[in-house]
Structures are given as C-alpha cells and as structure tokens.
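S.K.: What follows is a structure written as structure tokens; I'll ask about it next.
The values are calculated or read from the model by the stated rules, or taken from the named source; none is laboratory data. As the structure is a computational prediction, the values presented were derived from the model and not from experiment. Reconstructed Cβ throughout: ideal geometry from the backbone, glycine too, with neighbour counts over all protein chains shown. Just the protein is used for accessible areas: all its heavy atoms, side chains included, with ligands, DNA and RNA removed. Shrake-Rupley method; radii C 1.70, N 1.55, O 1.52, S 1.80 Å.
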Amino acid sequence: MKQEILNIPTPFGEPLVLYKNQWGPLDGEALSIVSGLQGDRLNGVMVTSRLSRFLNDIEAGRETGYQIRGNIQIFPIVNYKAWETGNPVWNFDSQDADLTFPGMEVGELAETLCNTVIRHTAESDYGIVVQSAEKHYEDAPHVKLIDPSRTRRNLARSLGLAVGREVAENPALVLNLAKQWDLMGLHPFILSAGKPQTYQPQYCDLLVDGIVNFMRSQGLLSHTREKGSQQEMSFFDAEHECPVLTREAGLFYSDIPVGTAVDKGQKLGEVRDLYEGGLLEEVTAPEEGFVVTLREYPMVHEQECVAVLLRENNRKWFWPFG
Amino acid sequence: MKTQTLFSRNSPLGAPLKIVRQTFSAHQGKPARRLSFVSGLHGDEMEGLYLCHRLIQALRQIKDTRPEEFLGEVHVYPAVNPPALNNGSRLWPLYGTDMNRMMGPHPDKSLPVQLAQEVFDDIQEHSDMAVDIHASNLHLKELPQIRIIEEFSEELLPLARQTHTGIIWIHPMAGVFESTLGYNLNKLGIPTLVIETGICLRIEPKTVDRLFQGIMHLLVKQGVLASLPEEIPPLPDSRVVYPREVSQACAKHSGLFISQASLGHRVGEDEIIGQVVDPVEGVVLEQVTAPDTGLLFTLREQPTVHAGALLARVACDLEPRP
C-alpha cells in the first residue's frame, strides 16, 4: 500500500511528497528495499516498481499460491529533486544522497529526505539497495556486501546472482545508506546492474526474480509449491579486484560485453586517437578474471579506469560447499 | 620559486590535466618547518585561489629581495581541481564527484580518486603543517573562520590563533568529515587548519587581504619566515567559539528568505533578521528571529529555502538556552 512518509511544501509550487509501499504484518521479519538514491539510476526504479506491482497482485489475490508473511517496504525514490532533473544529484545542492546518510530530521532538503528513509527502515532485519554502475560505467549484475560474514554470504546466495563482491572500506562509506544499515544492525545488500540513464529489461528481470527468491527464502513470502532456493555464487574480496587502466588518452572502444570472463592477456578493447582515429593502444586484461565493470563513455584520459576485473584465483565458492 | 607538476594526465582532447605545486624553499640547509596551502578542491570556491595569489606574490617578492628571510619551506597548491575550477562547479563535472569526499585510503582507481590520492600523498610528503582554504557553498555566506573538529582542538587551537582569523569555530565531529583532506591529514599527525570564508563564485578582496595578513603572521610564528614584512600590520586576536556557543536559525516554512540582517553584525535574541515569504500567494510565512544574542557569523544568501534549511548561525554571548 502506498503511504506518504514525508510532505514538505516547496517554495514555488506543489509539495514534495516521499512515499513508501508497505505490505504484510508489522510484527514479522522485515525487509526494506530502496531505489532512486541518484536521479539517473533507472534500473533500480524499474525493479522496485515491478516488485510493487507483484506484491500488490499478491495482496489482491491475483498471484495464486503466494502469501505475504513478513513486513516488506519499498522506497522507490529518495533524491526526489535529482529525479526531476534526470541527473545523479540535484544541482541546487550538488549533494549525492548516498553520501548524506543518516541525514537529519530538521536540515537541508537532502538531509531530511535521507533521514526519513533511515527512520522508516531502522526496525528492518534486511535492507536492499537497488542501483546501477557509476556514471560512465556499466556493471554486470552482482551483489555488494558490507562486512561480509558467513551469515551474509549465505543470505546473498538467495538473491539469485552469480557474483558477490565485498565493498571495500573507505572513509566516505559511513555516509552510504547500506553502511548505515550495517551500523544499525540490518543485513545490507546492494544489488547493482547495468548503467545509469538506461532501462535494461534483461537485468531488471534478473534482479526482480532474485529479490522475490530472497523474500521466499527468508519467509517474507510463501508459496504453496515453490520455495526459495540458494544459488551457486562466487564471492570476491575487495583487495583482489583488478582495475584496468589505459596507457593512452583517446577514445576507448570495448571489444567485450560486461560480465565476460577473460583470460590474462585477452584484448578488452582499444584506444584510438580522437582527432585522427589511429590506434594508440590495445587494452588487454592484466589478469584472468570476471569483468564486473566496464567503461561506457568512450572519452578517456591517460590512466583512466576502463574495466574492473574480479580475479578468478581469489574467488571463494559458497555453494555447494556451504 | 620552483613550479613542480605533481599530477599530470594526457587528455583525449589535447591539453593535459595538470596540477602544480609552487615551492619556496629554505634559504640554507634543512627547512625549519614546512607549511602547505591548498585551495580549489571545490571548483566554485574562488576566495582560496585569490588568497594563494596574494601569498605567492608576496613570497616571490621576499624571495627576490630578501631570500635569507626563508628559514622554512612553503608549498602552495593553488588549484587542485582544474576540471571543476574551469567549470565553476563544486563537483568535477564529467564525473559529478566531490574531491573533498575522496581523501584518505580509497580502493577505487577512477580518475578523480587518483587525483585526490596523489594530491593527498604529495601534501603529506611535503608538509609539517597545512592550511586548506575553502569558500562557503552556494547557499550560505560566512565570516572568515577557521573550523576545527573538537578532537583536534588541543593541537590546532594554538596554531589557529597564530592566524588571527576573526573566528575560530570548534565544532563536533560528523561522518561527513571522515573523507575530507583536513580530517585525514590531521589523523596522520599533520596539523591542518581549514579556512572557510565568504560565499562561492565570488571574491571579496578586503576579506582575502585580511586572511593573507593572518597567514603571514602564521608563517613568522611558525619560524618559516624570519620576520614580518613591514606592510603587514599587527592584528587583533581571534574569537574562539565552542560548540555550545553556536545557535542556529532554521526555516520553518518553504519559500524565499529575505534577509534583514548584516553578516558580522551583532544581533539581539529574538531580533528579526529576515522573513520567509511565499512569492506565489504574496504572504509572509514567518518572521525569522535571531536564536540568541551574539555575532551573526553565517547568513543565508541563496534565498530559496525548504523547511528545515539553515538560515543563520550566531556565536552567542552567553551559553544558548537549553
């Protein structure tokens, strides 16, 4: 059910209203799902919109066999003003909402929006942020884990994605929603797939199915016949990620799609001169690995990161070995 | 003066992206102390650039006429975020990233992170003490002040006093500081003062001149310069403001803030300092009053406000009401 969680008058027009959708008993296990932290991450919003339709259909009896057993909340939009502009941040404050948590109850608009989400999710057991890659990059679908304990890895296995990736510590991490959830005792997961400003249905299908499976596995949803399942997943720690940097500045043409497993020395793409088109460099994989992130925007400086490899020799399998 | 390039990346368009450091070395032998001055982390904050200009100009003159005055070493980093400075924006325009949220250990290898890390490492390598100069954001105008996080106040307060900056504000720690240049240098044991003044995209020459004079006092007291140039006058002591001595007024309504007060003036408790008005309906939504008696050292300049927005800060004469 769509509920208003914040209503702030604006200086010149209609009020700014923040919504959440909520289903199920308030005293059960609780899951909060958030998208729309940046104003251009469309895949996340499409995923949460589809999940909301699915949960509404269950509630209305249109999805036979399903029952909602836990408390499920979805927050489709957080940085409302950024969504009005289609940019990752609202130009008025240049504030990345995912560097604004926990925010403040009374403060500048971004702080108030973020704090509203924090207050409404504080009692949850699990938190999922749905997003896509940073500007100019594309991500293969994967789960990011903060402080990945055995419990969290096991939970991640029911999200239906093949790749788990540890979020590296950095000083700004404390301002992220997922890290704040971690500090508040929730199990946080960040699902990332695709690129900003683009709706990619194949990725969204994967994320929707994964989240539904997670809800079944954790008993938030039940089905008369189907049960949630745990999937094979390889998990990569942060210190063994391998960024691939260009040697030359120019235009980067990728030879492979994101999500490809590559061998050491395999060609990933090439850099060509912007003015004359001549070949400046063949970019090759420095290690064997899985291309989890790939440059989308072709203009690159010298030493620009064009891909991130998750190195195969350091991955840890979590299924079927447990 | 020696000009050194500390960061350089070829660009696809032609002109490389470069950051320079200007160094004034000790006249003889090992420098007594090494001080660094940094500006331009946010590309819309111009006051620091002008302050660096004044400083370089003065130090060049001393070096040319009385080189023996240099007992220590000065490094000036006048423009450390050229893409944002050229764009007049707080954030690096191509990536939308805030350079002062990327300091400290960072696993990412994106170009903005590389730049932030190399600037940070260079300052760390060349400094016994640093000064990071900022203007305010688009919204608030500030009296010239040095901001000190409480946990560093014992070491930094005596150093801040040597600058004779009008206000030294000791404030509580917050998560947002953890990824800033000042916090991370202080954490590494390099005492770093953060100057905040004016408003972005503007330069007030008189204010900068006064800060420049204070910096010259600091250089003498730190033993970097042997004596104060004749043209630098004695300066009054700073006012130190502790956390409990700051009161703030926030908007209760969304609208346009019309200021009726002057920055740097004393205000009385409950004195009217402005109004929030509704430009659409033509009504006054609230009279904004001073939260305490004292010095008005922050004042809203960008009139568009949402409920909760900060309008003013007062350095109180007495402890604020509970």
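S.K.: May I ask you to say which residue of B:ALA130, B:ALA160, B:ALA116, B:ALA135 is touching a helix residue (DSSP H, G or I) at 6+ places or on another chain (Cβ under 8 Å), among the small types (Gly, Ala, Ser) and either closer than 23 Å to B:LEU295 by Cβ or not assigned by TED's automatic domain parsing to the domain that holds B:VAL76 (or both)?
M.R.: Numbers: B:ALA130 fails: either closer than 23 Å to B:LEU295 by Cβ or not assigned by TED's automatic domain parsing to the domain that holds B:VAL76 (or both); B:ALA160 fails: touching a helix residue (DSSP H, G or I) at 6+ places or on another chain (Cβ under 8 Å); B:ALA116 fails: either closer than 23 Å to B:LEU295 by Cβ or not assigned by TED's automatic domain parsing to the domain that holds B:VAL76 (or both).
Only one candidate passes the filter, namely B:ALA135.
S.K.: Could you tell me how many of the residues in the stretch B:243-268 are closer than 26 Å to A:THR112 by Cα, of a type in the set (Ser, Thr, Tyr) and assigned to a loop (DSSP other than H, G, I, E, B)?
M.R.: The first filter runs over the stretch B:243-268 and keeps only residues closer than 26 Å to A:THR112 by Cα, leaving B:243-259.
Keeping just the survivors that are of a type in the set (Ser, Thr, Tyr) gives B:247, B:254, B:259.
After this cut, where a residue has to be assigned to a loop (DSSP other than H, G, I, E, B) as well, the list is B:254.
Residues that pass the stated criteria total 1.
S.K.: Considering every residue within the stretch A:230-240, establish whether at least one is within 25 Å of A:GLU166 (Cα to Cα), open to solvent by 50 Å² or more (accessible area, probe 1.4 Å), under 22 Å from the mean Cα position of the chain (by Cα) and among the polar types (S, T, N, Q).
M.R.: yes
S.K.: Name the residues in the stretch B:14-33 that are within 14 Å of chain A (Cβ to nearest Cβ) and either surrounded by 13 or more Cβ atoms within 10 Å (Cβ to Cβ) or in contact with a His (Cβ under 6 Å, 6 or more places away or on another chain) (or both), would you? Spell out the reasoning first.
M.R.: Keep residues of the stretch B:14-33 that are within 14 Å of chain A (Cβ to nearest Cβ), which gives B:14-19.
Result: B:PRO16, B:LEU17, B:LYS18, B:ILE19.
S.K.: Determine whether B:LEU71 is more than 20 Å from B:GLU118 (Cβ to Cβ), more than 14 Å from chain A (Cβ to nearest Cβ), at pLDDT 95 or above and open to solvent by less than 20 Å² (accessible area, probe 1.4 Å). Before you say what the answer is, go through the steps one by one.
M.R.: On the way: more than 20 Å from B:GLU118 (Cβ to Cβ): yes; more than 14 Å from chain A (Cβ to nearest Cβ): yes; at pLDDT 95 or above: yes; open to solvent by less than 20 Å² (accessible area, probe 1.4 Å): no.
No: the conditions fail for B:LEU71.
S.K.: Provide a single number: the residues in the stretch A:82-115 that are within 20 Å of the chain's Cα centre (by Cα), in a helix (DSSP H, G or I) and within 19 Å of A:SER132 (Cβ to Cβ).
M.R.: Going through the stretch A:82-115 one residue at a time, the tally reaches 5.
S.K.: Another question, then. Given the conditions (1) of a type in the set (D, E, K, R); (2) more than 20 Å from A:LEU37 (Cα to Cα); (3) away from every other protein chain (no Cβ under 13 Å), which single one is not true for A:GLU166?
M.R.: Here A:GLU166 clears every test but (3).
S.K.: Here are some residues: B:LEU228, B:LEU211, B:LEU201, B:LEU235. Which one is at pLDDT 95 or above and closer than 20 Å to B:ARG66 by Cβ? Please lay out each step first, then the result.
M.R.: On the way: B:LEU211 fails: closer than 20 Å to B:ARG66 by Cβ; B:LEU201 fails: closer than 20 Å to B:ARG66 by Cβ; B:LEU235 fails: closer than 20 Å to B:ARG66 by Cβ.
Among B:LEU228, B:LEU211, B:LEU201, B:LEU235, only B:LEU228 is at pLDDT 95 or above and closer than 20 Å to B:ARG66 by Cβ.
S.K.: Please count how many residues of the stretch B:275-305 are more than 26 Å from the chain's Cα centre (by Cα) and under 18 Å from A:VAL106 (Cβ atoms).
M.R.: 5
S.K.: Working carefully through the options A:GLN303, A:GLN200, find the one that is in contact with a strand residue (DSSP E or B) (Cβ under 7 Å, 6 or more places away or on another chain), open to solvent by 10 Å² or more (accessible area, probe 1.4 Å), among the polar types (S, T, N, Q) and within 14 Å of chain B (Cβ to nearest Cβ).
M.R.: Details: A:GLN200 fails: within 14 Å of chain B (Cβ to nearest Cβ).
Step by step, each of A:GLN303, A:GLN200 is checked, and only A:GLN303 is in contact with a strand residue (DSSP E or B) (Cβ under 7 Å, 6 or more places away or on another chain), open to solvent by 10 Å² or more (accessible area, probe 1.4 Å), among the polar types (S, T, N, Q) and within 14 Å of chain B (Cβ to nearest Cβ).
S.K.: Taking the stretch A:81-90, which residues are surrounded by fewer than 20 Cβ atoms within 10 Å (Cβ to Cβ) and at the interface with chain B (Cβ under 9 Å from one of its Cβ atoms)?
M.R.: The answer is A:ASN87, and nothing else.
S.K.: Please pick out the residue among A:LEU161, A:LEU191 that is assigned by TED's automatic domain parsing to the domain that holds A:LEU42, open to solvent by less than 50 Å² (accessible area, probe 1.4 Å) and in a loop (DSSP other than H, G, I, E, B). Break it down stepwise before answering.
M.R.: On the way: A:LEU191 fails: in a loop (DSSP other than H, G, I, E, B).
Unique residue meeting the criteria: A:LEU161.
S.K.: Further question on the same structure: Those residues that are aliphatic (A, V, I, L, M) and either open to solvent by 30 Å² or more (accessible area, probe 1.4 Å) or not in a loop (DSSP other than H, G, I, E, B) (or both), I need them from the stretch B:213-242; list them, please. Walk me through it before giving the result.
M.R.: The initial filter retains those residues of the stretch B:213-242 that are aliphatic (A, V, I, L, M), namely B:215-216, B:218-220, B:224-226, B:228, B:232, B:235, B:240-241.
Across the stretch B:213-242, the qualifying residues are B:ILE215, B:MET216, B:LEU218, B:LEU219, B:VAL220, B:LEU225, B:ALA226, B:LEU228, B:VAL240, B:VAL241.
S.K.: Are any of the residues in the stretch A:253-269 modelled with pLDDT of 95 or more, within 12 Å of another protein chain (Cβ to nearest Cβ) and open to solvent by less than 20 Å² (accessible area, probe 1.4 Å)? Step through it out loud before you land on a result.
M.R.: Residues of the stretch A:253-269 modelled with pLDDT of 95 or more: A:253-269.
Those left that are additionally within 12 Å of another protein chain (Cβ to nearest Cβ): none.
Checked against the condition, which is being modelled with pLDDT of 95 or more, within 12 Å of another protein chain (Cβ to nearest Cβ) and open to solvent by less than 20 Å² (accessible area, probe 1.4 Å), the stretch A:253-269 yields no hits at all.
S.K.: Related question: Filter the stretch B:269-293 down to residues that are open to solvent by 30 Å² or more (accessible area, probe 1.4 Å) and in a loop (DSSP other than H, G, I, E, B) and give me whichever is nearest to B:PRO158 (Cα to Cα).
M.R.: Going through the qualifying residues, I end up with B:THR293.
S.K.: Something else: Exactly one of these conditions fails for A:ALA60: (1) over 20 Å from A:THR121 (Cα atoms); (2) buried (at least 21 other Cβ atoms within 10 Å of the Cβ); (3) more than 14 Å from every other protein chain (Cβ to nearest Cβ). Give me its number.
M.R.: (2)
S.K.: Sticking with this one: Determine if the stretch B:204-212 includes at least one residue that is within 14 Å of chain A (Cβ to nearest Cβ), in a helix (DSSP H, G or I) and farther than 30 Å from B:ASP317 by Cβ. Give the derivation first.
M.R.: Our first condition is that a residue be within 14 Å of chain A (Cβ to nearest Cβ); within the stretch B:204-212, this holds for none.
No, the stretch B:204-212 contains no residue that is within 14 Å of chain A (Cβ to nearest Cβ), in a helix (DSSP H, G or I) and farther than 30 Å from B:ASP317 by Cβ.
S.K.: I'm checking my understanding of the structure. Among residues of the stretch A:112-138 that are polar (S, T, N, Q) and touching a strand residue (DSSP E or B) at 6+ places or on another chain (Cβ under 8 Å), which one is surrounded by the fewest Cβ atoms within 10 Å (Cβ to Cβ)? Can you show your working first?
M.R.: Filtering the stretch A:112-138 for residues polar (S, T, N, Q) gives A:112, A:115-116, A:121, A:124, A:131-132.
Subsequent filtering for residues that are touching a strand residue (DSSP E or B) at 6+ places or on another chain (Cβ under 8 Å) retains A:112, A:116, A:121, A:124, A:131-132.
Working: A:THR112: 22, A:THR116: 19, A:THR121: 24, A:SER124: 23, A:GLN131: 26, A:SER132: 28.
Restricting to residues being polar (S, T, N, Q) and touching a strand residue (DSSP E or B) at 6+ places or on another chain (Cβ under 8 Å), the top hit is A:THR116.
S.K.: Under 6 Å between Cβ atoms, which residue pairs at least 6 apart in sequence (or on different chains) link something in the stretch B:1-22 that is touching a residue at least 24 places away in the same chain (Cβ under 8 Å) with a partner that is open to solvent by 50 Å² or more (accessible area, probe 1.4 Å) and outside any strand (DSSP E or B)?
M.R.: Sorted first by the residue in the stretch B:1-22, then by its partner, the pairs are B:MET1/B:ARG60; B:PHE7/B:GLU118; B:ARG9/A:GLN303; B:GLN22/B:MET1.
S.K.: Could you list, in sequence order, the residues of the stretch B:87-99 that are buried (at least 22 other Cβ atoms within 10 Å of the Cβ) and either in contact (Cβ under 8 Å) with a residue 40 or more places away in the chain or more than 10 Å from every other protein chain (Cβ to nearest Cβ) (or both)?
M.R.: B:ARG90, B:LEU91, B:TRP92, B:ASP98, B:MET99
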